[in-house]
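Take a look at the structure below.
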Amino acid sequence: MSEALNFELKKVDKKTGARLGVLHLPHGDVETPVFMPVGTQATVKSMTPEELKNDVKAHIILSNTYHLYLRPGHELIKKAGGLHKFMNWDRNILTDSGGFQVFSLGDLRKISEDGVEFRSHIDGSKHFISPEKDMEIQNALGSDIIMAFDECAPYGATYDYVKKSMERTTRWAKRCKDAHKNTEKQALFGIVQGGFYKDLRKKSAEDLIKLDFPGYAVGGISVGEPKDEFLDILRYVTPLLPENKPRYLMGVGTPDYLIEAVFAGIDMCDCVLPTRMARNGSALTHKGKVNMLNACHTEDFSPLDSECDCYTCKNYTRSYIRHLFKAGEILGARLLSIHNLRFLVNLMENVRQAIKDECLEEFRDEFYTKYGYEKM
(Lines give C-alpha, C1' and ligand atoms only; values in the text may rest on other atoms or scores of the structure.)
Protein backbone atom coordinates (compact mmCIF):
# COMPACT_ATOMS: atom_id res chain seq x y z
CA MET A 1 0.00 0.00 0.00
CA SER A 2 1.21 3.50 -0.83
CA GLU A 3 2.42 5.69 2.01
CA ALA A 4 0.12 8.37 0.59
CA LEU A 5 -3.07 6.32 0.72
CA ASN A 6 -4.63 3.90 3.13
CA PHE A 7 -7.91 2.36 1.99
CA GLU A 8 -10.16 1.08 4.74
CA LEU A 9 -12.81 -1.33 3.46
CA LYS A 10 -15.53 -1.11 6.08
CA LYS A 11 -18.29 -3.24 4.61
CA VAL A 12 -19.21 -5.35 1.57
CA ASP A 13 -22.95 -5.74 1.06
CA LYS A 14 -23.72 -9.47 0.92
CA LYS A 15 -26.69 -9.12 -1.43
CA THR A 16 -25.23 -6.71 -3.99
CA GLY A 17 -21.44 -6.65 -3.62
CA ALA A 18 -21.49 -2.88 -3.06
CA ARG A 19 -18.65 -1.60 -0.89
CA LEU A 20 -18.41 0.93 1.92
CA GLY A 21 -14.98 2.37 2.63
CA VAL A 22 -12.75 5.31 3.50
CA LEU A 23 -9.81 6.72 1.57
CA HIS A 24 -7.28 8.06 4.08
CA LEU A 25 -5.38 10.67 2.04
CA PRO A 26 -2.94 13.53 2.77
CA HIS A 27 -5.68 16.17 2.61
CA GLY A 28 -8.32 14.36 4.64
CA ASP A 29 -10.54 11.29 4.62
CA VAL A 30 -12.95 10.53 1.77
CA GLU A 31 -15.89 8.19 2.35
CA THR A 32 -16.64 5.82 -0.52
CA PRO A 33 -18.44 5.21 -2.80
CA VAL A 34 -17.93 8.80 -3.91
CA PHE A 35 -18.63 11.08 -6.86
CA MET A 36 -15.75 13.44 -7.61
CA PRO A 37 -16.45 16.81 -9.31
CA VAL A 38 -14.12 17.63 -12.20
CA GLY A 39 -12.02 20.79 -12.21
CA THR A 40 -10.20 20.28 -15.51
CA GLN A 41 -8.14 23.48 -15.50
CA ALA A 42 -7.62 23.88 -11.75
CA THR A 43 -11.21 25.03 -11.27
CA VAL A 44 -14.57 23.31 -11.13
CA LYS A 45 -16.23 25.57 -13.67
CA SER A 46 -17.78 28.67 -12.04
CA MET A 47 -17.38 27.27 -8.50
CA THR A 48 -15.30 28.75 -5.69
CA PRO A 49 -13.52 26.35 -3.31
CA GLU A 50 -15.78 27.60 -0.52
CA GLU A 51 -18.88 26.66 -2.51
CA LEU A 52 -17.45 23.23 -3.26
CA LYS A 53 -16.82 22.64 0.43
CA ASN A 54 -19.86 24.29 2.03
CA ASP A 55 -22.60 23.91 -0.59
CA VAL A 56 -21.55 20.88 -2.66
CA LYS A 57 -19.80 19.15 0.28
CA ALA A 58 -17.06 17.70 -1.92
CA HIS A 59 -13.99 16.15 -0.30
CA ILE A 60 -12.08 15.30 -3.45
CA ILE A 61 -12.04 16.84 -6.93
CA LEU A 62 -10.21 16.18 -10.21
CA SER A 63 -7.89 18.21 -12.40
CA ASN A 64 -6.37 17.36 -15.78
CA THR A 65 -2.68 16.80 -16.43
CA TYR A 66 -2.86 17.52 -20.17
CA HIS A 67 -4.61 20.85 -19.80
CA LEU A 68 -2.48 22.06 -16.89
CA TYR A 69 0.71 21.05 -18.70
CA LEU A 70 -0.27 23.20 -21.68
CA ARG A 71 -1.61 26.08 -19.60
CA PRO A 72 -0.30 27.49 -17.26
CA GLY A 73 2.43 24.81 -17.16
CA HIS A 74 3.40 22.40 -14.40
CA GLU A 75 6.59 24.28 -13.55
CA LEU A 76 4.62 27.45 -12.79
CA ILE A 77 2.21 25.50 -10.58
CA LYS A 78 5.17 23.94 -8.79
CA LYS A 79 6.61 27.43 -8.17
CA ALA A 80 3.24 28.47 -6.75
CA GLY A 81 3.54 25.73 -4.14
CA GLY A 82 1.62 23.00 -5.94
CA LEU A 83 -1.90 22.64 -7.24
CA HIS A 84 -3.61 22.80 -3.85
CA LYS A 85 -2.08 26.17 -3.03
CA PHE A 86 -2.38 27.47 -6.59
CA MET A 87 -6.16 26.93 -6.66
CA ASN A 88 -6.78 27.49 -2.93
CA TRP A 89 -8.17 23.99 -2.34
CA ASP A 90 -7.14 22.30 0.92
CA ARG A 91 -8.93 19.00 0.33
CA ASN A 92 -7.91 16.12 -1.92
CA ILE A 93 -7.17 16.27 -5.65
CA LEU A 94 -6.92 13.48 -8.20
CA THR A 95 -5.21 14.26 -11.51
CA ASP A 96 -5.85 12.04 -14.51
CA SER A 97 -2.87 11.31 -16.71
CA GLY A 98 -4.11 13.25 -19.74
CA GLY A 99 -4.08 10.05 -21.77
CA PHE A 100 -7.72 10.33 -22.79
CA GLN A 101 -7.28 13.95 -23.87
CA VAL A 102 -4.12 13.21 -25.86
CA PHE A 103 -5.65 10.26 -27.67
CA SER A 104 -8.84 12.17 -28.45
CA LEU A 105 -6.76 14.57 -30.55
CA GLY A 106 -7.00 12.17 -33.51
CA ASP A 107 -4.77 13.28 -36.37
CA LEU A 108 -3.00 15.79 -34.12
CA ARG A 109 -1.09 13.03 -32.28
CA LYS A 110 1.29 10.16 -33.08
CA ILE A 111 1.71 7.19 -30.74
CA SER A 112 5.00 5.31 -30.34
CA GLU A 113 6.47 3.00 -27.73
CA ASP A 114 8.30 5.97 -26.23
CA GLY A 115 5.17 8.05 -25.76
CA VAL A 116 2.88 10.39 -27.67
CA GLU A 117 3.82 13.31 -29.90
CA PHE A 118 0.97 15.74 -30.33
CA ARG A 119 0.04 19.26 -31.28
CA SER A 120 -1.63 21.52 -28.76
CA HIS A 121 -5.32 22.17 -29.32
CA ILE A 122 -4.63 25.73 -28.11
CA ASP A 123 -1.94 26.99 -30.51
CA GLY A 124 -0.81 24.00 -32.59
CA SER A 125 2.60 23.81 -30.89
CA LYS A 126 4.31 20.41 -30.87
CA HIS A 127 4.77 18.46 -27.62
CA PHE A 128 5.84 15.00 -26.47
CA ILE A 129 4.64 13.18 -23.37
CA SER A 130 6.16 9.90 -22.26
CA PRO A 131 5.23 7.97 -19.12
CA GLU A 132 8.26 9.52 -17.45
CA LYS A 133 7.27 13.03 -18.51
CA ASP A 134 3.73 12.41 -17.31
CA MET A 135 5.02 11.48 -13.85
CA GLU A 136 7.24 14.57 -13.84
CA ILE A 137 4.18 16.73 -14.56
CA GLN A 138 1.95 15.08 -11.95
CA ASN A 139 4.70 15.09 -9.33
CA ALA A 140 5.08 18.83 -9.92
CA LEU A 141 1.31 19.34 -9.57
CA GLY A 142 1.35 17.59 -6.21
CA SER A 143 -2.09 15.98 -6.43
CA ASP A 144 -2.97 13.32 -3.85
CA ILE A 145 -3.86 10.60 -6.38
CA ILE A 146 -2.18 10.44 -9.77
CA MET A 147 -2.93 8.19 -12.73
CA ALA A 148 -0.60 6.13 -14.92
CA PHE A 149 -0.25 7.27 -18.53
CA ASP A 150 -2.44 5.00 -20.64
CA GLU A 151 -3.86 4.62 -24.11
CA CYS A 152 -7.64 4.72 -24.34
CA ALA A 153 -8.62 2.69 -27.41
CA PRO A 154 -11.70 3.98 -29.24
CA TYR A 155 -14.97 2.05 -29.11
CA GLY A 156 -15.21 -0.33 -32.06
CA ALA A 157 -11.44 -0.78 -32.46
CA THR A 158 -10.28 -4.16 -33.74
CA TYR A 159 -9.01 -6.91 -31.46
CA ASP A 160 -5.44 -6.56 -32.73
CA TYR A 161 -5.42 -2.80 -32.22
CA VAL A 162 -6.83 -3.06 -28.70
CA LYS A 163 -4.41 -5.88 -27.79
CA LYS A 164 -1.38 -3.83 -28.82
CA SER A 165 -2.80 -0.77 -27.10
CA MET A 166 -3.48 -2.67 -23.87
CA GLU A 167 -0.02 -4.25 -23.81
CA ARG A 168 1.59 -0.84 -24.38
CA THR A 169 -0.51 0.60 -21.54
CA THR A 170 0.85 -2.10 -19.22
CA ARG A 171 4.44 -1.35 -20.24
CA TRP A 172 3.80 2.35 -19.72
CA ALA A 173 2.31 1.63 -16.29
CA LYS A 174 5.56 -0.07 -15.25
CA ARG A 175 7.54 2.91 -16.51
CA CYS A 176 5.24 5.27 -14.61
CA LYS A 177 5.78 3.35 -11.40
CA ASP A 178 9.54 3.39 -11.89
CA ALA A 179 9.49 7.14 -12.58
CA HIS A 180 7.13 8.15 -9.75
CA LYS A 181 9.26 10.12 -7.27
CA ASN A 182 6.79 11.15 -4.58
CA THR A 183 5.24 7.97 -3.20
CA GLU A 184 4.96 9.35 0.32
CA LYS A 185 2.49 12.05 -0.72
CA GLN A 186 1.00 10.84 -4.03
CA ALA A 187 -0.70 7.50 -4.68
CA LEU A 188 -0.30 6.18 -8.25
CA PHE A 189 -3.20 4.19 -9.73
CA GLY A 190 -2.95 1.78 -12.65
CA ILE A 191 -5.63 1.82 -15.37
CA VAL A 192 -7.14 -1.39 -16.72
CA GLN A 193 -7.68 -1.23 -20.48
CA GLY A 194 -8.62 -3.82 -23.11
CA GLY A 195 -11.67 -2.35 -24.79
CA PHE A 196 -14.67 -4.65 -24.95
CA TYR A 197 -12.68 -7.88 -25.17
CA LYS A 198 -12.91 -9.78 -21.90
CA ASP A 199 -9.72 -11.79 -22.35
CA LEU A 200 -7.76 -8.58 -22.89
CA ARG A 201 -9.38 -6.97 -19.86
CA LYS A 202 -8.44 -10.01 -17.75
CA LYS A 203 -4.86 -9.92 -18.99
CA SER A 204 -4.61 -6.19 -18.34
CA ALA A 205 -5.93 -6.55 -14.78
CA GLU A 206 -3.63 -9.49 -13.99
CA ASP A 207 -0.51 -7.73 -15.25
CA LEU A 208 -1.31 -4.47 -13.46
CA ILE A 209 -2.06 -6.28 -10.20
CA LYS A 210 1.43 -7.81 -10.36
CA LEU A 211 2.82 -4.26 -10.37
CA ASP A 212 1.04 -3.70 -7.02
CA PHE A 213 -0.44 -0.23 -7.42
CA PRO A 214 -2.20 1.44 -4.43
CA GLY A 215 -5.42 1.56 -6.47
CA TYR A 216 -6.87 0.61 -9.84
CA ALA A 217 -9.08 2.32 -12.39
CA VAL A 218 -11.32 0.91 -15.09
CA GLY A 219 -10.71 3.01 -18.21
CA GLY A 220 -11.93 2.87 -21.76
CA ILE A 221 -15.64 2.37 -21.11
CA SER A 222 -18.46 4.91 -21.14
CA VAL A 223 -16.99 6.03 -24.46
CA GLY A 224 -20.15 5.84 -26.56
CA GLU A 225 -20.97 2.15 -26.35
CA PRO A 226 -24.51 0.82 -25.68
CA LYS A 227 -25.49 0.61 -22.04
CA ASP A 228 -25.66 -3.17 -22.00
CA GLU A 229 -22.05 -3.44 -23.25
CA PHE A 230 -20.94 -0.92 -20.63
CA LEU A 231 -22.53 -2.94 -17.85
CA ASP A 232 -21.26 -6.26 -19.16
CA ILE A 233 -17.62 -5.14 -19.16
CA LEU A 234 -17.91 -3.24 -15.88
CA ARG A 235 -19.44 -6.21 -14.08
CA TYR A 236 -16.78 -8.49 -15.55
CA VAL A 237 -13.72 -6.35 -14.81
CA THR A 238 -14.42 -4.97 -11.34
CA PRO A 239 -14.36 -8.32 -9.46
CA LEU A 240 -10.93 -8.99 -11.00
CA LEU A 241 -9.47 -6.09 -9.03
CA PRO A 242 -8.03 -6.49 -5.50
CA GLU A 243 -10.67 -6.28 -2.80
CA ASN A 244 -8.41 -4.36 -0.41
CA LYS A 245 -7.66 -1.49 -2.81
CA PRO A 246 -9.85 1.33 -4.17
CA ARG A 247 -11.56 0.83 -7.53
CA TYR A 248 -12.14 3.86 -9.74
CA LEU A 249 -14.47 4.01 -12.76
CA MET A 250 -13.36 6.88 -14.97
CA GLY A 251 -15.71 9.35 -16.68
CA VAL A 252 -19.13 8.30 -15.36
CA GLY A 253 -21.67 10.78 -13.99
CA THR A 254 -25.30 10.01 -14.81
CA PRO A 255 -27.28 8.87 -11.75
CA ASP A 256 -28.04 5.42 -13.18
CA TYR A 257 -24.41 4.74 -14.18
CA LEU A 258 -23.23 5.84 -10.72
CA ILE A 259 -25.65 3.52 -8.96
CA GLU A 260 -24.84 0.59 -11.26
CA ALA A 261 -21.13 1.23 -10.70
CA VAL A 262 -21.68 0.88 -6.96
CA PHE A 263 -23.53 -2.39 -7.53
CA ALA A 264 -20.54 -3.61 -9.55
CA GLY A 265 -18.19 -2.89 -6.63
CA ILE A 266 -16.77 0.49 -7.72
CA ASP A 267 -15.63 3.00 -5.08
CA MET A 268 -14.90 6.20 -7.05
CA CYS A 269 -16.44 7.94 -10.09
CA ASP A 270 -16.03 11.29 -11.82
CA CYS A 271 -17.54 13.20 -14.72
CA VAL A 272 -17.81 16.70 -16.23
CA LEU A 273 -21.54 16.07 -16.80
CA PRO A 274 -23.11 18.09 -13.93
CA THR A 275 -21.41 21.40 -14.75
CA ARG A 276 -21.73 20.89 -18.52
CA MET A 277 -25.45 20.26 -18.13
CA ALA A 278 -25.72 23.34 -15.92
CA ARG A 279 -24.16 25.59 -18.54
CA ASN A 280 -26.75 24.30 -21.01
CA GLY A 281 -29.66 24.98 -18.66
CA SER A 282 -30.34 21.38 -17.59
CA ALA A 283 -30.87 20.25 -14.02
CA LEU A 284 -30.73 16.84 -12.38
CA THR A 285 -33.68 16.35 -10.04
CA HIS A 286 -35.22 13.50 -8.10
CA LYS A 287 -37.97 13.37 -10.73
CA GLY A 288 -35.63 13.32 -13.71
CA LYS A 289 -33.72 15.77 -15.88
CA VAL A 290 -35.32 19.20 -16.26
CA ASN A 291 -34.70 21.78 -19.00
CA MET A 292 -34.88 25.16 -17.31
CA LEU A 293 -35.32 26.94 -20.64
CA ASN A 294 -38.79 25.48 -21.05
CA ALA A 295 -41.68 27.96 -20.82
CA CYS A 296 -43.48 25.86 -18.22
CA HIS A 297 -41.10 27.25 -15.58
CA THR A 298 -41.94 30.90 -16.30
CA GLU A 299 -44.38 31.26 -13.40
CA ASP A 300 -43.19 28.31 -11.33
CA PHE A 301 -42.18 29.78 -7.97
CA SER A 302 -41.33 26.43 -6.40
CA PRO A 303 -37.78 25.20 -5.72
CA LEU A 304 -35.86 23.45 -8.46
CA ASP A 305 -36.00 20.20 -6.46
CA SER A 306 -38.02 20.06 -3.23
CA GLU A 307 -35.96 17.07 -2.02
CA CYS A 308 -32.59 18.79 -2.48
CA ASP A 309 -30.69 20.48 0.38
CA CYS A 310 -28.42 22.66 -1.80
CA TYR A 311 -28.04 26.44 -1.64
CA THR A 312 -29.87 26.89 -4.94
CA CYS A 313 -32.93 24.90 -3.94
CA LYS A 314 -33.12 26.58 -0.53
CA ASN A 315 -33.04 30.11 -1.93
CA TYR A 316 -34.25 30.34 -5.54
CA THR A 317 -37.26 29.39 -7.66
CA ARG A 318 -37.52 27.74 -11.04
CA SER A 319 -38.99 30.96 -12.37
CA TYR A 320 -35.94 32.98 -11.32
CA ILE A 321 -33.45 30.45 -12.68
CA ARG A 322 -35.25 30.38 -16.04
CA HIS A 323 -35.19 34.18 -16.10
CA LEU A 324 -31.42 34.17 -15.58
CA PHE A 325 -30.88 31.87 -18.54
CA LYS A 326 -33.25 33.78 -20.80
CA ALA A 327 -31.47 37.01 -19.85
CA GLY A 328 -28.03 35.51 -20.50
CA GLU A 329 -26.93 36.00 -16.89
CA ILE A 330 -24.03 33.79 -15.73
CA LEU A 331 -25.60 33.35 -12.29
CA GLY A 332 -28.02 30.88 -13.85
CA ALA A 333 -25.23 28.49 -14.79
CA ARG A 334 -23.59 28.97 -11.39
CA LEU A 335 -26.77 28.15 -9.48
CA LEU A 336 -27.43 25.06 -11.61
CA SER A 337 -23.80 23.97 -11.21
CA ILE A 338 -24.12 24.12 -7.43
CA HIS A 339 -27.33 22.12 -7.62
CA ASN A 340 -26.18 19.46 -10.11
CA LEU A 341 -22.91 18.86 -8.26
CA ARG A 342 -24.64 18.66 -4.91
CA PHE A 343 -27.28 16.35 -6.38
CA LEU A 344 -24.65 13.76 -7.37
CA VAL A 345 -22.53 14.14 -4.23
CA ASN A 346 -25.69 13.76 -2.16
CA LEU A 347 -26.80 10.78 -4.24
CA MET A 348 -23.64 8.96 -3.20
CA GLU A 349 -24.16 10.01 0.42
CA ASN A 350 -27.58 8.36 0.24
CA VAL A 351 -26.09 5.31 -1.47
CA ARG A 352 -23.58 4.95 1.37
CA GLN A 353 -26.38 5.16 3.91
CA ALA A 354 -28.36 2.53 2.01
CA ILE A 355 -25.35 0.20 2.10
CA LYS A 356 -25.07 0.75 5.87
CA ASP A 357 -28.77 0.03 6.27
CA GLU A 358 -28.60 -2.98 3.92
CA CYS A 359 -31.36 -1.64 1.70
CA LEU A 360 -29.43 -0.65 -1.44
CA GLU A 361 -31.68 -2.59 -3.84
CA GLU A 362 -34.77 -0.91 -2.42
CA PHE A 363 -33.06 2.49 -2.65
CA ARG A 364 -32.14 1.90 -6.29
CA ASP A 365 -35.62 0.75 -7.27
CA GLU A 366 -37.29 3.70 -5.57
CA PHE A 367 -34.83 6.18 -7.10
CA TYR A 368 -35.25 4.72 -10.58
CA THR A 369 -39.03 4.84 -10.33
CA LYS A 370 -39.06 8.50 -9.33
CA TYR A 371 -36.37 9.50 -11.82
CA GLY A 372 -37.95 7.65 -14.72
CA TYR A 373 -35.21 5.06 -15.28
CA GLU A 374 -35.79 1.46 -16.22
CA LYS A 375 -34.00 -1.08 -14.07
CA MET A 376 -30.86 -2.29 -15.86
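Restricting attention to the range 108-167, the residues that are in a loop (DSSP other than H, G, I, E, B), under 15 Å from GLY194 (Cα atoms), out of contact with any Phe, Trp or Tyr (no Cβ under 8 Å at 6 or more places or on another chain) and of a type in the set (Gly, Ala, Ser) total 2.
Applying a threshold of 7 Å to beta carbon distances and a minimum spacing of six or more residues, or different chains, the list of pairs starting in the range 227-248 at a residue that is in contact (Cβ under 8 Å) with a residue 24 or more places away in the chain and ending at one that is among the basic types (Lys, Arg) reads ILE233/ARG201; TYR236/LYS198; TYR236/ARG201; VAL237/ARG201; THR238/ARG247; LEU240/LYS202; LEU241/ARG247. Report yes if some residue within the range 89-104 is crowded, with 18+ Cβ neighbours inside 10 Å and over 21 Å from PHE189 (Cβ atoms); otherwise report no. No, because not a single residue in the range 89-104 is crowded, with 18+ Cβ neighbours inside 10 Å and over 21 Å from PHE189 (Cβ atoms).
Can you find a residue that is farther than 18 Å from LEU347 by Cβ and small (Gly, Ala, Ser) anywhere in the range 276-298? Full working, then the answer.
Kept after step one, since they are farther than 18 Å from LEU347 by Cβ, are these residues of the range 276-298: 279-281, 291-298.
Then drop every residue that is not small (Gly, Ala, Ser), which leaves 281, 295.
Yes, the range 276-298 contains at least one residue that is farther than 18 Å from LEU347 by Cβ and small (Gly, Ala, Ser).
Being loosely packed, with under 15 Cβ neighbours inside 10 Å, of a type outside the set (Val, Ile, Thr) and in contact with an Asp or Glu (Cβ under 8 Å, 6 or more places away or on another chain) holds for only one residue in HIS84, HIS24, HIS74, and it is HIS24.
From the residues in the range 321-376 that are small (Gly, Ala, Ser) and surrounded by fewer than 17 Cβ atoms within 10 Å (Cβ to Cβ), which one is nearest to the chain's Cα centre (by Cα)? Write out each step before concluding.
Taking the range 321-376 and keeping what is small (Gly, Ala, Ser), we get 327-328, 332-333, 337, 354, 372.
Within this subset, residues satisfying the condition of being surrounded by fewer than 17 Cβ atoms within 10 Å (Cβ to Cβ) are 327-328, 372.
Working: ALA327: 32, GLY328: 29, GLY372: 24 Å.
The residue in question is GLY372.
For the range 191-310, the helices (runs of 4 or more DSSP H) that sit wholly inside it and include 1 or more residues that are modelled with pLDDT of 95 or more and open to solvent by 40 Å² or more (accessible area, probe 1.4 Å) are 198-210, 227-237, 273-279. Answer yes or no as to whether HIS67 is open to solvent by less than 60 Å² (accessible area, probe 1.4 Å), over 21 Å from LEU5 (Cα atoms) and within 17 Å of the chain's Cα centre (by Cα). Yes, satisfied.
The values are calculated or read from the model by the stated rules, or taken from the named source; none is laboratory data. This structure is a prediction, so every number in the text was calculated from the model and none was measured. Ideal geometry is used to build each Cβ from the backbone, glycine not excepted, and the neighbour counts take in all protein chains shown. Just the protein is used for accessible areas: all its heavy atoms, side chains included, with ligands, DNA and RNA removed. Shrake-Rupley method; radii C 1.70, N 1.55, O 1.52, S 1.80 Å.
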